[in-house]
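Undergrad: Take a look at this one; I'll ask things after.
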Amino acid sequence: MTAAEVCRRLGYSKSTTYRLLADLRTHRFIVRDSGGLLRLGPFPGRRSIATTNSVLEHLRTLTSESVQLWVRVGEDRVCVRNVEADHELRVTRGVGTILPLVDGGSAALALCGPGNPGEFYATKQARVKGTASASVAFTVGATVFALCVSYPLTREPDNVAGAYRGPVTTAAIELKSLLEDSEELAVLRDIARLALGAGGQSSPR
């Protein structure tokens, strides 16, 4: 695939796309072959990413709902990983989604808290009517993450904390351990930075 094809498919400007591709090449996500085409590369963080994704997928299996990993950047939160529920009716938040913290939601509350996996947050209809979520935050270095389970209110458990606190907290602690001293931490920061850049907002430091 050429850079122009990537630009067309993403719908980003050329400058944003080229910055994204440059960062992907730096982390060896992609390489340029002898014909000048872009292909998947043997980046060293692949194993780590597969492992962190497996944590999100396992949490989805336990809860049967969509799972997102958010990172705080200033007064916003950016989705840097997601797996969707298998239900036809589900909550969807794609990678690169940017939401102001003031808009609320359990992930926003978690990101504004102390960043302690012992703190559990749950909200309903905080941002979107008919939806609810449960989140736990954790900190790796100076970066604050929130692991979030999102679901329609029609499937909300009678006891949200009883159903989700344990699985979400366990997964958050596991992710914290995996990301410490991991190359993927820089990758997740880059995803947030590129998303903010594409949206015309200030990039994280």
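Residue-wise test of (1) surrounded by 15 or more Cβ atoms within 10 Å (Cβ to Cβ); (2) at pLDDT 95 or above.
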{"site": "82", "(1), (2)": "yes, no"}
{"site": "91", "(1), (2)": "yes, no"}
{"site": "96", "(1), (2)": "yes, no"}
{"site": "107", "(1), (2)": "yes, yes"}
{"site": "110", "(1), (2)": "yes, yes"}
{"site": "116", "(1), (2)": "no, no"}
{"site": "130", "(1), (2)": "no, no"}
{"site": "135", "(1), (2)": "yes, yes"}
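Undergrad: OK, next. Which residue, of 127, 81, 93, is in the same structural domain as residue 164 (by TED's automatic domain parsing), basic (Lys, Arg) and over 17 Å from residue 195 (Cα atoms)? Break it down stepwise before answering.
TA: Details: 81 fails: over 17 Å from residue 195 (Cα atoms); 93 fails: over 17 Å from residue 195 (Cα atoms).
On inspection, the qualifying residue turns out to be 127.
Undergrad: What number goes with the only condition from (1) of a type in the set (D, E, K, R); (2) closer than 30 Å to residue 159 by Cα; (3) at pLDDT below 75 that residue 77 does not pass?
TA: Of (1) of a type in the set (D, E, K, R); (2) closer than 30 Å to residue 159 by Cα; (3) at pLDDT below 75, only one is false for residue 77: (3).
Undergrad: Let me ask something additional. Looking at segment 147-155, can you tell me whether even one residue there is part of a helix (DSSP H, G or I), farther than 16 Å from residue 71 by Cα and of a type outside the set (Ser, Thr, Tyr)?
TA: Here is the first cut: in segment 147-155, the residues part of a helix (DSSP H, G or I) are 153-155.
Imposing the further condition that a residue be farther than 16 Å from residue 71 by Cα reduces the set to 153-155.
The next check asks that each one be of a type outside the set (Ser, Thr, Tyr); those that pass are 153, 155.
Yes, segment 147-155 contains a residue that is part of a helix (DSSP H, G or I), farther than 16 Å from residue 71 by Cα and of a type outside the set (Ser, Thr, Tyr).
Undergrad: Can you tell me which residues in segment 136-160 are among the small types (Gly, Ala, Ser) and touching a residue at least 60 places away in the same chain (Cβ under 8 Å)? Steps first, please.
TA: Applying the first criterion (among the small types (Gly, Ala, Ser)) to segment 136-160 yields 137, 141-142, 146, 150.
The answer is 146, 150.
The values are calculated or read from the model by the stated rules, or taken from the named source; none is laboratory data. Owing to the predicted nature of the structure, the values given are computational and were not obtained by experimental measurement. Reconstructed Cβ throughout: ideal geometry from the backbone, glycine too, with neighbour counts over all protein chains shown.
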